[in-house]
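Peer 1: Encoded as structure tokens, here's the structure I'll be asking about.
Just so it is clear, none of the values below were taken in a lab; they were calculated from the coordinates. The structure presented is a predicted model; accordingly, all values stated were derived computationally and were not measured. Glycine also receives a Cβ, built like all others from the backbone with ideal geometry; neighbour counts cover every protein chain displayed.
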Amino acid sequence: MIVCLCHAVRDRDLDAAIADGADSVQDVGKQCGAGTGCGACIPEIEDRLERAGRGCDRAAAGDCPQTLVSVRSRNLTEPRDAA
Ligand code: FES
């Protein structure tokens, strides 16, 4: 499956870059080009890095938009405590 349309990078290319040691969006971009165009695939790259146990460098800095979206989505979908 193509994940990065700008550079025609497949999901398996991302996984290979991560398996080869890429531990940030920038590293993945250097290895396969994903995330270096429009940026629409960056959340997918961050998800794959997170699943591989690698940190999102922007999350570490506290300004990762994907992390904020995930937290907000979780808060909206979790049942509220009965008051
Ligand atoms: S879709 Fe990956 S940089 Fe545009």
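Peer 1: What is the extension gain from Ala19 to Arg51, computed as 0.36 nm multiplied by their sequence separation minus the C-alpha to C-alpha distance, in nm to one decimal?
Peer 2: 10.4 nm
Peer 1: While we're looking at this one, here's another question. Modelled label-to-label distance, Ala8 and Cys38, 7 Å Cα→beta-carbon offset: nm?
Peer 2: Result: 1.7 nm between the two label points.
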